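Asks: The structure follows.
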Amino acid sequence: MTNNRRHVCVLALSAFIAISSFARAELAIIGVCAGCHGADGSGAGLDNVPIIAGTPAAHLEEAVYAYLDGARQCIEVPAMCAIVATLSESDIAELAEHYGAMTRHSSGEAFDETLAQTGARIHKKHCSKCHVRPDDEDVENALGIPLHGQRSAYLKYALNAYLTGDREVLLPAMAHELAELDADAIEALIHHYASYESP
Ligand code: HEC
Ligand code: HEC
């Protein structure tokens, strides 16, 4: 099965899990995740660590499987990939539910208003089809992970990884849009995502 199809299957399966309410057992491994992602999923002060609180469970699962199958590689923090390699499928489902159920706070970073407005236009044209805001009622069904409010250093790192090929771009439609961006457009997008205020 191609990565693409595998990931779509993961999304469909997780949507099913999300609607069948199941007990959220406390996993010992959560303490390990908290070392970098924080007990509240908002990060423990480390730049390249993404906020995972309030990201829909299906998207979190999809991301973990991308690390497991090598589509994503942990270049700056190899320990992340070593840790997810120890997880069972049910651990992954439970962890995704655990963080997905949390409130998503914005990184609350400073941003430039003019750049943020330029970024809003670029986002709307190139990215909004798949990436919606965390407070969008349809966020769980969106193809892409919510980017608004995500830590800027992580967004830069992730975008750069797709552009250099360190991270596989799983959808040709996203690759097509990324090819349209230059350094100024990326900077404007980062300011736009930082301008998101948590509800
Ligand atoms: C040593 C620090 C560290 C630990 C421990 C850690 N992570 Fe991570 N996590 C990271 C970093 C850094 C990234 C970004 C990695 C990359 O793409 O290169 C990341 C990325 C992620 C992502 C992708 C989020 C997104 O927006 O795409 C998920 C999901 C995730 N981690 C879940 C977990 C879970 C669940 C655990 C515990 C089992 C865990 N992490 C433990 C550092 C850590
Ligand atoms: C056709 C749908 C689609 C479009 C259009 C799209 N993306 Fe994505 N994007 C995705 C999917 C699916 C993922 C998750 C793939 C993965 O795990 O690598 C993703 C992941 C990402 C990530 C990683 C987020 C994280 O938490 O790790 C970033 C950053 C990103 N996209 C930026 C963009 C930007 C910027 C644009 C517009 C220029 C864009 N994408 C357009 C579907 C899309």
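Asks: Would you mind counting up the charge near Glu109? Only other residues with Cβ under 14 Å from its Cβ, with Lys and Arg at +1 and Asp and Glu at -1.
Replies: -3
Asks: Right, here's the next one. Please report the net charge: other residues with Cβ closer than 15 Å to the Cβ of Leu163, K and R +1, D and E -1.
Replies: Computed value for this residue: -4.
Asks: OK, next. Could you give the nm distance between label points at Val32 and Ser198, where each point is 7 Å from its Cα heading toward the beta carbon?
Replies: Distance between label points: 2.7 nm.
Asks: Shifting gears a bit: When the accessible area of the chain is computed with all protein chains present and a 1.4 Å probe, what percentage of it is carbon and sulfur?
Replies: After summing per-atom areas, the C and S share lands at 56 percent.
Asks: Once phi is turned into ³J(HN,Hα) by the Karplus curve 6.51 cos²θ - 1.76 cosθ + 1.60 with θ = phi - 60°, what whole-Hz value does each residue of region 113-118 show in order, with x for glycine and proline?
Replies: Coupling constants for region 113-118: 4, 5, 4, 4, 5, 4 Hz.
Asks: A further question follows. Relative to the longest principal axis of the C-alpha atoms of the chain, give the angle of the C-alpha long axis of helix 89-100, reported between 0 and 90° and rounded to the nearest 10°.
Replies: Taking Cα atoms only, the helix is inclined about 50 degrees.
Asks: Okay, next question. With r defined as the distance between the Cβ atoms of Ala82 and Asp40 and R0 fixed at 22 Å, what FRET efficiency is calculated, to the nearest 0.05?
Replies: 0.40
Asks: In addition: Any aspartates and glutamates with Cα under 13 Å of the Lys124 Cα? List them, leaving off those in the same chain fewer than 8 positions away.
Replies: Here the aspartates and glutamates satisfying the reach criterion relative to Lys124 are Glu177.
Asks: Continuing with this model, one more query. Angle, helix 152-164 long axis vs. longest principal axis of the chain, Cα atoms, 0 to 90°, nearest 10?
Replies: 90 degrees
Asks: Nearest 10 degrees, 0 to 90: what angle lies between the long axis of helix 183-194 and the longest principal axis of the chain (Cα atoms)?
Replies: So the helix axis and the longest Cα principal axis differ by about 60 degrees.
The values are calculated or read from the model by the stated rules, or taken from the named source; none is laboratory data. For clarity, every value in this text was computed on a predicted model and none was experimentally measured. Virtual Cβ from ideal backbone geometry, glycine too; neighbours counted across all protein chains shown. Quick note on the areas: whole protein, heavy atoms, side chains included, nothing else; ligands and nucleic acids left out. Shrake-Rupley method; radii C 1.70, N 1.55, O 1.52, S 1.80 Å.
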